[in-house]
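Trainee: Encoded as structure tokens, here's the structure I'll be asking about.
Every number in this text was worked out from the coordinates using simple rules, so none of it is lab data. This is a predicted model, so every value here is computed, not measured. Every residue, glycine as well, gets a Cβ built from its backbone with ideal geometry; the counts of neighbours run over all protein chains shown.
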Amino acid sequence: MSNDAIVLLKEDHQEIKRVFRDFEGAGENAEVRKGKLVDKMIELLTQHTYIENEVMYPRVRALLPDLEDDILESYEEHHVADVLIMELSTMSPSDERFDAKTTVLIENVEHHIDEEEDEWFPKVRESLGRNQLQEIGEEMLEAKKTAPTRPSQPSALKKTIDAVLD
């Protein structure tokens, strides 16, 4: 297993996208299945955005000031996802707007993933050496051990509140 920060994030992206495809393929009358898939999305995205916000973005921001605008945009995209995740965590799959809200979450996160992988990650890889990316990856793996998996957990809630108030 690689400890390269970008490899780790791409692995997370693949797992998140798999859950998205499962949701999209679940069918119209699959409320129980969709509810479980959205719970998995919430878990994965809460953890993923936490390690990016707490480790990857601050480290890259400090090391590569030229990427400031990209990082700020990423924080904002996480904010949008956090709000949708918080709302979905209080909804039932039978709610009228559950599927629509999940679809908006999927579209927003996929846009964010595409931007990171196509534009941001290549710039980071080009500018940071293997050792720095592995060091950041190690920090991310450590942070993942205690990262929240639900938006109601204190560390996730603080991140969401900070995003709303900023």
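Trainee: Take the Cα atoms of region 74-117, find their three principal axes, and give me the spread along each one in whole Å, biggest first.
Mentor: The principal-axis extents, from largest down, are 34, 15, 9 Å.
Trainee: Could you work out [θ]222 nm for the chain from helices alone, using -39500 (n - 2.57) per DSSP H run of at least four and dividing by all its residues? Round to the nearest 500 deg cm²/dmol.
Mentor: -24500 deg cm²/dmol
Trainee: Can you sort Val7, Val109 by how many other beta carbons sit within 10 Å, fewest first?
Mentor: Val7, Val109
Trainee: Counting other beta carbons within 10 Å of each Cβ, put Thr103, Thr49, Thr149 in order, fewest first.
Mentor: Fewest-to-most ranking of Thr103, Thr49, Thr149: Thr103, Thr149, Thr49.
Trainee: Are there any GluC sites (Glu not before Pro) in region 1-80 that are in a DSSP loop and have at most 12 other Cβ atoms within 10 Å? List them by number.
Mentor: Glu28
Trainee: Which entries of Lys17/Lys40; Lys10/Lys36; Lys123/Lys145; Lys40/Lys101 show an alpha-carbon separation above 18 angstrom in the structure shown?
Mentor: Checking Cα-Cα distances, Lys10/Lys36; Lys123/Lys145 exceed 18 Å.
Trainee: Shifting gears a bit: Within the P(r) computed for the chain, what percentage of the Cα pairs occupies the region above 21 Å?
Mentor: Value for the chain (Cα pairs over 21 Å): 46 percent.
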